[in-house]
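Questions regarding the structure given below will be posed in turn.
The values are calculated or read from the model by the stated rules, or taken from the named source; none is laboratory data. Computed from a predicted structure; not experimentally measured. Positions of Cβ are generated from backbone atoms using ideal geometry, with glycine treated the same way; all protein chains shown enter the neighbour counts.
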Amino acid sequence: MKTISSSIAVLFTALTLASNAAQSKKLDTAQIDELTGLKGKFNEQEGVYKVSSPRTDLKISVDKWEMPPFMGLTSWAAFMPGMKDGAMVMGDLVLMQDEVNPVMSAALDAGLQVTALHNHFFFDEPKVYFMHIGGEGDTATLAKGVRAALDTVKKIRAGNLQPAQSFTSSGIPAKSSLSTEAIQEILGAKGETKDGMFKAVFGRTIKMPCGCEAGKEMGVNTWAAFAGSDDNAVVDGDFVVLGEELQPALKSLRKSGINIVAIHHHMIAEEPRMIFFHYWGRGPAKDLASAVKTALQTTKTMAAPPK
């Protein structure tokens, strides 16, 4: 018992010292202001410095009511001293649909993490999405990452004040006629076909609080569905990933030009903890299949060999 108590005391002391060390660090708030281009506010009680950027460039209505930025239409990033690195940042960016993926790429390329993507409202015009970001590192790098994301928004809106209504101007063929054999060969999996379309599903296994194992048929799966023609196709689907797999998979798909449309969880208290993200891509069918395959290779999801 004494040994256990001593170990707990040592651990508690170590955590306390680490916490005190982090709290003793001071953020260079002037540097954050300069690099983000925003004027922040400091919360002394929590040791957090927060910069905000309200979306005043667009008129956004929710339930037919023009919504002031104060009511939840403000992008923000909060900085605090880090335990290991110089600082930690967490934030939430208010984005239009045509801003999400360019901003995501800018954030990822700048060394930030993208941790969630979802809606906050129903009946919003134009449609608004919220992208959560985070990261640990030196203060300057994190602040520059936030600035890169916000500057991307400004660049997009400078080109066209009104948000785009689609990813591309070209239409998707009304009748699908895919060469499914080529897609199966690239993915390394035999899938399901219907009316010239193709779908492949790759399962994983988790354990739920009841002790039950849940797998592919219970929804713990990555899937990709293809439609259109060989040279003008669309792919949509869902990835299931571990926390440490999320950023590599996102980076892989964005590098291939695939759009990410949602990041969230599907279950509660599963083991291991899984994250799901949905995607949408346009282009030649083989290119889309290769993009999905490359992203799959960043995860531990294994494709079954084609039969």
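With the checklist (1) in contact with a helix residue (DSSP H, G or I) (Cβ under 9 Å, 6 or more places away or on another chain); (2) surrounded by fewer than 22 Cβ atoms within 10 Å (Cβ to Cβ); (3) not in a helix (DSSP H, G or I) in hand, flag the one item Ala116 doesn't pass.
Exception for Ala116: condition (1).
Next question. Only one residue in Asp85, Asp109, Asp57, Asp63 is of a type in the set (Asp, Glu), surrounded by fewer than 17 Cβ atoms within 10 Å (Cβ to Cβ), farther than 22 Å from Pro163 by Cβ and modelled with pLDDT of 95 or more. Which one?
Working: Asp85 fails: modelled with pLDDT of 95 or more; Asp57 fails: farther than 22 Å from Pro163 by Cβ; Asp63 fails: farther than 22 Å from Pro163 by Cβ.
Sole residue among the options that is of a type in the set (Asp, Glu), surrounded by fewer than 17 Cβ atoms within 10 Å (Cβ to Cβ), farther than 22 Å from Pro163 by Cβ and modelled with pLDDT of 95 or more: Asp109.
Taking the stated definitions as given, is Lys144 charged (D, E, K, R), part of a loop (DSSP other than H, G, I, E, B) and out of contact with any Gly (no Cβ under 6 Å at 6 or more places or on another chain)?
No.
With a cut-off of at least 2 residues that are small (Gly, Ala, Ser), in the same structural domain as Leu150 (by TED's automatic domain parsing) and in contact (Cβ under 8 Å) with a residue 40 or more places away in the chain, name the strands (runs of 3 or more DSSP E) lying wholly within the range 23-101.
Passing ranges, in order: 74-81, 87-96.
Hey, does the range 283-293 have a residue that's among the β-branched types (Val, Ile, Thr), modelled with pLDDT of 95 or more and loosely packed, with under 15 Cβ neighbours inside 10 Å?
no
Sticking with this structure for a sec: Are any of the residues in the range 240-260 in contact with a His (Cβ under 8 Å, 6 or more places away or on another chain), more than 14 Å from Gln297 (Cα to Cα) and surrounded by fewer than 19 Cβ atoms within 10 Å (Cβ to Cβ)?
no
With a cut-off of at least 1 residues that are among the small types (Gly, Ala, Ser), name the strands (runs of 3 or more DSSP E) lying wholly within the range 164-278. Talk me through it step by step, then tell me what you get.
On the way: elements: 192-194, 197-203, 221-228, 233-242, 259-264.
Strands (runs of 3 or more DSSP E) meeting the threshold: 197-203, 221-228, 233-242, 259-264.
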